[in-house]
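The values are calculated or read from the model by the stated rules, or taken from the named source; none is laboratory data. What you see is a predicted model; the values in this text were computed from it and never measured. Every residue, glycine among them, receives a Cβ derived from its backbone with ideal geometry; neighbour counts consider all protein chains shown. Remember, those area values only see protein heavy atoms, side chains included, never the ligands or the DNA or RNA. Shrake-Rupley method; radii C 1.70, N 1.55, O 1.52, S 1.80 Å.
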Amino acid sequence: MDPVAELFPRSGEIAAAMMARCAAEIPAYRLLPATVLEGDLVANAAAVFELFLTTVAEDRRPTSDELSLPIAWGAERARDGLPLEAVLKVYPLAASVAWELVDGDRAVLGARMLDFLGEVMPRVAEAYLRERDDLDWEHREDRQNLAASLLAGRPVRRRELAESYDVVVFHLPAQPASAGSRAATDLFRAVRSDLDTQPGVLVTFKGDGGVLLVPAGVAADAVAARVDEICGRRCTAAAAHAETRSDIPAAHSEAVEILALAENLRRPARLYRLADLAIEYQLAQPGPAREALALVLAPLEDHPHLIDALRAFVTSDYNRGEAATALNIHRNTLTYRLGRIQLITGYDATRPADARHLAAAMTAYDIVRQNG
């Protein structure tokens, strides 16, 4: 079978495999948000691969116009803060992935692949260096390396560093499919560019989230609010305090746990600290008390509308009107469902003592279900 005809329909699959391999073998790419790595960059890789296949099928070299987009995409990695060696390493690594996935005669593809890389890589390097000259690139790279070193617990001696930091972790909001593959990349760049202007604040990205090191004397809430403003809506974030620079890794781990807890429990988007979720944090620890509380709601598992009613009632701070509105039901319907919950579980959500017990049971139930 003609390898070009075979590979064209698989370009998306092969591009995803290319970027997965790049993320696994090039550490710098793991600092990009997952939404960028798995969205925009996969789309770019698919387009470049299809261009290569087109030139093979038509037995010609790529034109300057055809190469303009791949070259521009390569230059964009300078704005993402990636070093040039990481940018250039992508091309032979991606080519090796494609080579492994080819069935049949590889001879023609191999020779043309080398020619194609020879056309693209020098131009990408040239465009990257031009872009880098227009940026305060060394300053950005230095700040990102500082953040990575502090988060890893490596000793750093720099006069401009604060002694204590708030470690803030956050997730960028998911972009609707209608926004296109570049939406996540554009949002990531906007957030990074703004945060790079904040004195003393260090920023890096891990997976689909960001990590901020906010020095003592700077309000972490205000910095997180800037991220919300750029995103156009509130992000779920968590913060923990590191009294000394050596405490930063532990504070980062604590903030990650708090963020995961807030998201797993579907708390409203905002910045959380341990004090905000202290009870939930304690209930998240495995033990007989957590299991016993989760069992309180076990009889409701066949009645998901009752669990939803209880969750809305608790989330609304036991306000029947707000809970009914959130559920899009009549207030009397909510009252009926709360009555059913009392009948089945033995706890009355409208009585303060029972309400506290049910709220704790709801937290334990959600955590146990989330953890499988």
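Quick look at the numbers
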| quantity | calculated |
| --- | --- |
| Normalised contact order of the chain, rounded percent, pairs of Cα under 8 Å and 6 or more residues apart | 14 |
| DSSP bridge orientation in the chain - percent antiparallel, rounded to nearest 5 | 90 |
| On Cα atoms only, tilt of 41-57 relative to the major axis of the chain in degrees | 30 |
| Nearest-0.05 FRET efficiency for E25 and R159, computed from C-beta distance (R0 35 Å) | 0.45 |
| Listed residues S316, S193, S64 arranged by accessible area, highest first, probe 1.4 Å | S64, S193, S316 |
| Sulfur and carbon atoms: percent of accessible area, region 13-96 [1.4 Å] | 59 |
| Residue order for T55, T335 - accessible surface, 1.4 angstrom probe, largest first | T335, T55 |
| In order through region 263-272: 3J(HN,Hα) via Karplus (6.51 cos²θ - 1.76 cosθ + 1.60), integer Hz, x for Gly, Pro | 6, 5, 8, 6, 6, x, 5, 5, 8, 10 |
| Estimated [θ] at 222 nm from DSSP helical runs (n ≥ 4, -39500 (n - 2.57)) normalised by residues in the chain, nearest 500 | -19500 deg cm²/dmol |
| Nearest-0.05 FRET efficiency for H330 and A148, computed from C-beta distance (R0 56 Å) | 0.55 |
| Most to least accessible of T204, T345 (protein chains only, probe 1.4 Å) | T345, T204 |
| Å² per residue, accessible surface of the chain at 1.4 Å | 49 |
| Of all accessible heavy-atom area on region 208-317, the percent that carbon and sulfur account for (1.4 Å) | 53 |
| Formal net charge of residues neighbouring E160 (Cβ-Cβ distance under 14 Å; K, R +1; D, E -1) | +3 |
| GluC sites (Glu not before Pro) within region 1-91: DSSP coil, no more than 10 neighbouring Cβ in 10 Å | E58 |
| Sequence ranges 259-266, 155-162, ranked by mean other-Cβ count within 10 angstrom, highest first | 259-266, 155-162 |
